[in-house]
Structure formats: structure tokens, C-alpha cells
1. Just need a number here: residues in region A:267-284 that are more than 20 Å from A:ALA323 (Cα to Cα) and out of contact with any Asp or Glu (no Cβ under 9 Å at 6 or more places or on another chain).
2. Answer yes or no: is there a residue in region A:164-175 that is touching a residue at least 40 places away in the same chain (Cβ under 8 Å), open to solvent by 40 Å² or more (accessible area, probe 1.4 Å), touching a helix residue (DSSP H, G or I) at 6+ places or on another chain (Cβ under 7 Å) and more than 9 Å from chain B (Cβ to nearest Cβ).
3. If A:GLY257 meets every condition in (1) over 18 Å from the mean Cα position of the chain (by Cα); (2) assigned to a loop (DSSP other than H, G, I, E, B) apart from one, which number is that one?
4. With respect to A:VAL93, determine if the residue is among the β-branched types (Val, Ile, Thr), open to solvent by 10 Å² or more (accessible area, probe 1.4 Å) and within 14 Å of chain B (Cβ to nearest Cβ).
5. With within 14 Å of the chain's Cα centre (by Cα), of a type outside the set (Phe, Trp, Tyr) and open to solvent by less than 10 Å² (accessible area, probe 1.4 Å) as the only criterion, which of A:GLY307, A:GLY328 stands out?
6. Among the numbered criteria (1) part of a loop (DSSP other than H, G, I, E, B); (2) more than 14 Å from chain B (Cβ to nearest Cβ); (3) of a type outside the set (Phe, Trp, Tyr); (4) within 16 Å of A:LEU342 (Cβ to Cβ), which single criterion is violated by A:VAL14?
7. Of a type in the set (S, T, N, Q), at pLDDT 95 or above and not in a helix (DSSP H, G or I), is that true of A:SER48?
8. Would you point out which residue out of A:ALA243, A:ALA218 is in contact with a helix residue (DSSP H, G or I) (Cβ under 8 Å, 6 or more places away or on another chain) and surrounded by 24 or more Cβ atoms within 10 Å (Cβ to Cβ)?
Amino acid sequence: MFRKVGIIGVGQSVFGVRGDVTIQELAWEAVKEALEDAGLTQRDIEISIVGSAGTRTYELYPAVPVNEYSGFSEKGPIRVEAACATGSAALAVAYNMVASGFVDVALAIGVEKMNEVDTATSLAVGGRGGNYLWEYHFYGTTFPGYYALYATAHMAKFGTTEEQLALVRVKNQKYAAKNPKAQFQFEVTVDDVLKSRPVAWPLKLYDCSAITDGAAAAVIASEDAIKNLHIDTPVWIEAIGYASDTANITKREDYVGLKATRLAAQMAYKKSHIEPKDVEVAEVHDCFTIAEIMAYEDLGFVEKGKGGKFIEEGQSDIGGKVAVNLSGGLLGKGHPLGATGLAMIYELVKQLREERERGRQAPLKKYIALAHNIGGTGHYGYVTILRR
Amino acid sequence: MGMAERKTERKTIKREGPVIDSIPIIYKHRIPISKTVKYWDGLKEGKIYAVRCKSCGAVYYPPQADCPYCGSSDIEWFELPKEGVLETFTRIYARPQGYEDFEPYIIAIAKVGDVRVMGWLVNVKDERCVKVGDEVTLSTAYIEKHNKYIITFQLKNKQC
């Protein structure tokens, strides 16, 4: 029987180009904040889980240096990798260790340094995010290219427009502009997006998340430990759903949605007895604008094919059916692979505690939040449901 | 509002400091193809092969020598048809390391027989005129820069 598990401390570094710090120095920014937020020290943490895709940094085994620098040398680390869903995988491992009774208090760290190499190298690493031998080797796939394949198919089948895609960026920049930890703190117009240079047609520069350095961390604990530590504002992990899909993109069922999202969401909704309509605030995986539109559909916020309309009607904004990506999302805040899943948790914990800045705090009645984190092009899917 | 004025409002986090260079590391992998050599040889002859499990009938493309469903490694190779239908495509403008020298190229996925095949859609000037559902013919082409053969698609009934 699993124990109830809560999040008691969260931290996030400033996201962006962080040429001023090493990977361990960057991780510490998030770890320090998470420990202070929980009111704990390293002594209270029994194990650390370090998530880092680690494909662009000179530190090829990043978990140990990160762990040592943060003062956890004897406590783990368990290193996890699930491409862009690495942060959620770290949380899932930490959750399972606490829920199963293996430990009472655990720390999940997600960190990524992506700007130590140039953009062409970064594209070559991302383009290997499927099955190198049958895709990149022959055809020079890129990460934007993979999602562009989905955008083309979604537009062809449902009439989704480039303007609707652009509206995702416009909404997310509105909130990124108010987020002091976001990489891009400014607003954009539909026209700015449409006129940005093509990256992988039909996706343009502003349809794409950037190459970002960042870290995030969460301290989680069992219900008993939370009582003993006198924590008064825990955010409970109601469920974590997970799924995966084929490495080869040619083997997918279709190109208009992500099966990994649908399966992970089904699992999370079923485990938590929460329905899509109960979710008030969500952080969804908008690595590209098309990804957010597909997420609305695959998470059950709106039926398949109506994602474009959903953004157009403002249903994913504050005042709509569900407030999505009030952090600015991956598009506005940045997408440091290993950190992203935990940065979603950071944002949602702050939202559920109603600690957000004016203009980007979701109005809450049920205090139910959802994080949706995808690794690769739907290769991994994690859906985490939180409640205060 | 002028462009210059607007640019200054665009607050972006970019923190730089003193750096040193790492000792460079170069990866150049040797990829085993002994179990799929038929495929690689086929491309040189303009043929595209898939495999079928002789035990349970499962079809694999890209080809693989082992069938995880029934556990058999008794497979047969068969040639795919030379015609297909476009399921989706993109034109890669931001090109990765190793592909910088190519003009922006179109990666497409076509339904070919019972499987889907990735390839480069060639001889297309304007990708906006290409549509999902367009019919294509398949052939293979030699790419000198990488010393490899790839699959190419061409639009069957139209010019773009």
C-alpha cells in the first residue's frame, strides 16, 4: 500500500543563457531555494535523485558533481534520464521511494546546461532524439523538424492555422513577461511570430522553445514526516501517470496527437479520481506551439482537433476552462531539458499556495493542478496531478 | 513604436562571464550492420527492403532481425512498393551539424504498402504547395558527403 506523499519545498534557478555558472553551481541555486522553502537542511534529506539529459555538457556524468556540490555526497544520487521529461522522471523516482516507505524525505533535482556548445551541435544532439540509425543518419532530422511533422499533419487534418499556433506563443509570452525567472521576459504579437524566420516549416523561430540553461528542485516527504516536521502548506501528489511510444517516428499511429500523453493522462486521472474538467491550472509541454495545442486535446481539456479553437477562444487562459502555462511555459520560460519537469512542479506548487505575482496567479476553487511533461517527440509522457 | 525602441524592451536572460575551453572530445562511431546488411545493399540497387517474421507474420520497417512479439529470429526480406502517399512533411531550415552544407531539405513520411517510410522529398521549390495525401514515387539517391544512400520521394502528379 502506497503512502501519501507531499511536496514541501521547491526551488528554481533563473532560466536563460547561464554562461556565468557551471552545472553544479546552477543546480545549487535551485537546491538552496528548495531546502530553504522546506525549512530543512541536507541532514534531513535521505536520498537525492538527479535528473539531467546531460547530452550537451562537458560533464558527462553530471549527477555526482551536482550532488557533491550541493552537500549530498553520501546520499545517492540516483541519476535518471528521460530526454525532455527527465525532471518528471526524477520526481517519479523520488515519489516512489517515499510512497513505498524506502525513505521518508527525498530530493529531486533537475538540471541542464545546453549552451556550452554551439547551436549546430545542439541541433545535432536534439536531432538524435528519436532513432539515430534510421532517422538522423539518413535524413538529418532535427527536434523542431519532428514536431513540425506533427504540425503539418494537424493543420492538414483539422484546419489548424499558423495564426492559432502563434496565439500559443502570444499567451505564454504574456505570462513570461511577468515571470522574473523566465528566459524571455517580453510580450509578442501574432505578427511577430508569423514573421519570425522559418526553422522547420511550418514552425518558425517563435513557434519553438529556445536552448536554455536552468535547474529546478523539489523536496518531497511522507505524510508522517510532514506532520513531524510541522509543515503547514504541503502540496499533495495525487497521482503520477507515465507512458511511452515508439522510438521510430514512422511507427506512430498518427501525427495529430501524442499517445504517450493520452496514456499517461488516463493513468493519472484514474489513479487520482480527478477528471480533466476539475483541473484549474496546468503546466503543459509546449516545447513548440503545436505541442501545446495537441496537449489540450490529448489531456482531455477539449476534443481532438479543437485545440486551435480552444486557444482562439481563450479557454486556456486565465478566465477560461483551464489556465495553462502561467509560468510562460517552455516557450517563454525556457526549456532546460532535465529541469523542465521540476520547473513545472515549482510553478504549480507556487500557484496552489497562491504565491504568484499579480496578473499571473490562477483563481482557484478546487486547488487542483496538472503537470504534463513529454520526453522526445512523445517518446516519454508524464502527467502529474497535484492538490493542496 | 520604432524597432530600436521595442528591441530594448525585450528583456532576455543572457548572463556571460569568463570561460575556458574544455579538452575537445570527438565521437565517431562504428555502427554494426551485419543483421541489416541486406537493407544497406538494397539501397545501392534502388531497392527498399522490409522484413517479415516467418513465425508470426509481423512486418518491420525499419527492418530488424529479431521479432520481439514471438521471439523468433527467422525473418524474410521483401521489397517495398515504389509508390506511396504523403502522411506528413517538413522543410528543415535550421540545419544540424553534418548537414549545414545542404540546401534546406524536406523530410517526409509516406505510407508505402503496409508501413511508413521516411525520406527526402526532392525537386520541390515551394513546400506550401505540397499537401498531405499527395502521391509520391520512391527511389534512392547517393549522398556523396556522407557516403550513403538515402530514400527519395518525388511528387507523382504535380510540380511544386
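The values are calculated or read from the model by the stated rules, or taken from the named source; none is laboratory data. In this text, all values refer to a predicted model and were calculated from it rather than measured experimentally. Counting neighbours? That spans all protein chains shown, and the Cβs are built from the backbone with ideal geometry, glycine included. Just so you know, the surface numbers come from the protein's heavy atoms only, side chains and all, with ligands and any DNA or RNA stripped out. Shrake-Rupley method; radii C 1.70, N 1.55, O 1.52, S 1.80 Å.
1. Residues flagged as more than 20 Å from A:ALA323 (Cα to Cα) and out of contact with any Asp or Glu (no Cβ under 9 Å at 6 or more places or on another chain) within region A:267-284 amount to 2.
2. Yes, the conditions are met somewhere in region A:164-175.
3. With respect to (1) over 18 Å from the mean Cα position of the chain (by Cα); (2) assigned to a loop (DSSP other than H, G, I, E, B), A:GLY257 is out only on (1).
4. no
5. Only one candidate passes the filter, namely A:GLY328.
6. Status for A:VAL14: all satisfied but (2).
7. Answer is yes for this residue.
8. Just a single option satisfies the conditions, and that option is A:ALA218.
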